[in-house]
Structures are given as structure tokens and as C-alpha cells.
Amino acid sequence: MSFSNLGLSQRVVDAVTAAGYTTPTPIQAQAIPHVLQRKDVLGIAQTGTGKTAAFTLPMLSILEQGRARARMPRTLILEPTRELAAQVEENFTKYSGNQKLSVALLIGGVSFGDQDAKITRGVDVLIATPGRLLDHFERGKLLLTGIEILVIDEADRMLDMGFIPDIEKIAGLCPFTRQTLFFTATMPPEIKRITDQFLHHPEVIEVSRPASTATTITQNLVATHSKDYEKRDTLRKLIRAAQESAEHPLKNGIIFCNRKREVATLYRSLEKHGFSVGALHGDMDQRARMNALDAFRKNDLTLLVASDVAARGLDIPDVSHVFNYDIPHHAEDYVHRIGRTGRAGRKGAAMTLVARGDEKSLAAIEKLIGKAIEWQEGDLSSLPERPEGEDDRPARRPRREDRETRKPRRGEGREHVRTAKEQKIIDEASVREERSEDRAPPKAAKPPREDRPAREDRPARQDRTPRDAQSPKTHSDRTDGGKPRHEQRRHRDDDGPTPKGFGDAIPGFLMAGMGKK
């Protein structure tokens, strides 16, 4: 079967042929006819099977009729990560060379102004991550009432990243009569609930058992100690052994870590040991992430240390090896990680480092994929007491007791050991003091202050009668002339009666007024 037999328009068939594709993959052969018939589709397929082309090619044929309106895109494609969204945009650009269709990419890390300008002019295809799409909608820059086709890609990854509430909100803003295309690699119960809510009598296309791995990938487990420096030593041995392998030599490889901090630490360690390596994780800005991916695609970098942001759907067709530095917490992530290699029928190798304490996660992975993964050079029980080989442990900081000089603790009677800076400050102060003594003569000492003479109207303190020797005073003692204090006269200098009013002292302004009368 060829693409011309699927019902695609001639322009799309010519674009696919020019890109070098002649035979559709199983997911493409089964999904494209249903999409062209405007039916809802639920596609379940492992990563690397061509799911992106399964909805982009029929969408291009449908969009040949009609035109876009300002702020009202005709189709909407939701992706969990920026890298996946940018990759879908590249596919549209590659396959729509014979058509005049406009595409807008709404992702984080890019200015709102450029994105708003494209939406205002009108776009046929809108590719976005959920968060940035809702930002534009809440700012009043975007309307979703004109959506004809809604595509939800990598739905299980959306679930892991917590985007399901946003997806439900976006689906509620789109018209009820839309066509919905739903693609996922695994089908956990939550995804099953979402499909029942979003899809109306969908065509279920399952080209492989959910969570199965490609048969072209050789999977191995490698036992290691749990210490970070020992795991890094084991990883370097695996990389060098793969480079020297005659059966399947290392061309390039992706190293997956569970946490962003481990990505940065492992990247610095490998770079220090002379490996051609780059880093990719969610905290990097968009330009740095795209530059790292482009350098890896162009083989400017041999190794790429990444978090699970690179595990889903990235189209890097010729990755020879995948190394799981950390065993993933979720079993589904293992399927997506090793799916970066062995794509399009090529051979691939996946190696997973397993330490003591990872047995539960390993059992969940083997249960999910339905088979046991072989150990390479013995399992955890065969680990030696001490790992052999080079060791990149940082040098141990000497203990406080081992240091020759240190600041004494409070309460210890030890002499403080001066530093060179402190001694220099003390020497400069002493030099300034000596120079000042040479320039100015010493000041004469002040004569001692004479004792203050005792007041004449009172005896000296030693002549006073002690307080306890005096008789206690009563209220009648504190009088004037034997009279109580409240009967004492206020005007002591006048023996006459108390004057009324001003008495004889009449103010001048009153006298002047009386004279005028």
C-alpha cells in the first residue's frame, strides 16, 4: 500500500514522496482514512510508529478547502512539551510546501507579541502547549469557536505532567461538533475516562499492545552501587565499552535522569572526563533547549543528558543507544525512554543502571512490558564490595581537628592566630601612631580638680544628725506660726485684709476708659 491509496490529496502525496516516504506505517494506514471521513479517532501505538504523520497528512488535505479568519484558528493541536510542539510545526512545514497554509506555534519561552501578531492575521493550524494557549485566551487574543479539528497528542504524557484539567477546559471551549483525534502510547484508567468524555463513537486503532517495546531494541540491566560517584563510574565504563563494540558501536546516545539537578551534575562530570555531551531539561530557556537538540541531531554532540522532557515523541531517527542513569519512577516512562532508539526498523540498545532499592520499580517495568530484562554481567547479588575503576569523588574536606590553624572556640583559653590581613592592619596602625607621636608634643596633664567646698548655709554631711535620730514629723509640725498649713496666709507681706478685685493697682487701660466717660 502507498500513500496515494489512502485518499490524500495529490499535493500532500507529492510532498510526502518528495520527503522520501513511500510506504505508510500501520498507524498511518489505518488512521488516515478515518480522519478523512471526519470521524473521531483513538490511536494507541508505541512511540516512533509515525503517529504525527497519521494526523498531519489528512489534516493538510482537509484544510485545502476554506480559509482562516482573524483570531479564530481552524485546527488545534495540543502537545505536552515545547519540543514536541516545535517538531509538529516542522512536519507541517515539510509537508505543506505545495499549499498556502499558515501555522502558528504557541509555546513558552517566546514573546507574546510575535505570537499575537500571527493569531491576529489568522492561522489555519495552531500548535500549542496547554498553558500558553490558555494565557492567550484569557488575554482575549484568541477564540476557539472556529475549531474544526482538535488533536490531543501524547495524552498519557499530559496526564503525567498534570495537564488534564487544562485539557478539559480547552475542550469545553471548542465547538461540540468538532472532530477529535486522540493519540497515546499507554492507556491508564484516567486516560480511558478522558476518551469516554471527549470522543464520540471513535474508531479505535491499536497497532501494538499498549506499553510494548520495539523488537529491534536490545535491552539490558547493569548492576551498580547506589552512590552517585559509583554510578557515574559505571556509566562511563558502559559508554566506553559501547564505543569499542564491534557488533553495535555507539554513534550517539541519550542519557536519562529522573531529576533536573542530576542532569546538571552528570553533564558536568561527563564533560570533565572528556566526553562530547550536552544537557536538556525543563528549567533551561527555550533557545538553549533548541540549540542542544539541534547540535545533537547534527551529530555535533555524541551524548545528550536529559530529563523525561526528551522521552516523548522527539523525532531523532538515528539514536543508537539509550542509557537510563536512573530507573524511571513510572513504568510507562521506560517505554518512552527506550523508544528514542531502534526507530524506523533500525537496531538500538537500551541499558538501565539498577541499584539496591530499585527492585520495586524494575518489577513494575517488567510487568508492564510483559517480559524479563536480561542482566549484563550479573545481577545485584554479584556486586563487589568496592567498585573498580576510576573514581570522580570530590576530595574529602579535612576535619576541624585536622586543620593546623583554626579559630578557637568560645571559652577556650587559646591564643587567637592572626591572619596575614589582620597582622597587616595592626602594623599599619602602629606606624601611624609612631608618626603622630613624633610630630606633636605630648599634652600637659590637667591639674586635679579641687574638692568642692561645702555650702555655708548647711552643715557638712558628717555634722548632720542622722535621719533615724530625728523625731518623726507630724502634720501639726509642718505649719507656719503654729497654724495648720491650710490656714496659712498666702500674702505673707501684707497684714491687712485680702483685697478684692485689682485693689489699688488698677490697670492703665481701665483708667483711660474711665477718664473718657
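General observations
- Proxy reagent accessibility, fewest Cβ within 10 Å first, across Glu374, Glu83: Glu374, Glu83
- Highest-first arrangement of 274-287, 321-334, where packing means the average Cβ count within 10 Å: 321-334, 274-287
- Proximity of backbone amide H atoms, modeled 1.01 Å from N, is registered between Gly43 and Phe182, Phe183, Thr184, Ile205 at under 5 Å, excluding neighbours fewer than 5 places apart on the same chain.
- At full extension, Arg139 and Ser430 could sit 97.8 nm farther apart than now, given 0.36 nm per residue minus the alpha carbon distance.
- If you plug the beta carbon distance of Arg121 and His201 into 1/(1 + (r/R0)^6) with R0 = 35 Å, you get a FRET efficiency near 0.45.
- From the C-alpha gyration tensor of the stretch 234-320, square roots of 5λ in Å: 20, 15, 11
- Straightening the chain between Asp285 and Glu366 buys 25.6 nm, computed as 0.36 nm per residue apart minus the Cα-Cα spacing.
- In this rough spin-label picture, where each label sits 7 Å from Cα along the Cβ direction, the Lys192-Ser111 distance is 4.9 nm.
- Rg over Rh [alpha-carbon atoms, Kirkwood Rh] for the stretch 3-206: 0.93
- Were the residues from Ser245 through Ala18 laid out at 0.36 nm apart, the gain over their Cα-Cα distance would be 78.1 nm.
Laboratory data are not the source of any read-out in this text; all were calculated from the coordinates shown. Here the structure is a predicted model, which means the values were calculated and not measured. Using ideal geometry, Cβ is built from the backbone for each residue, glycine included, and neighbour counts are taken over all protein chains shown.
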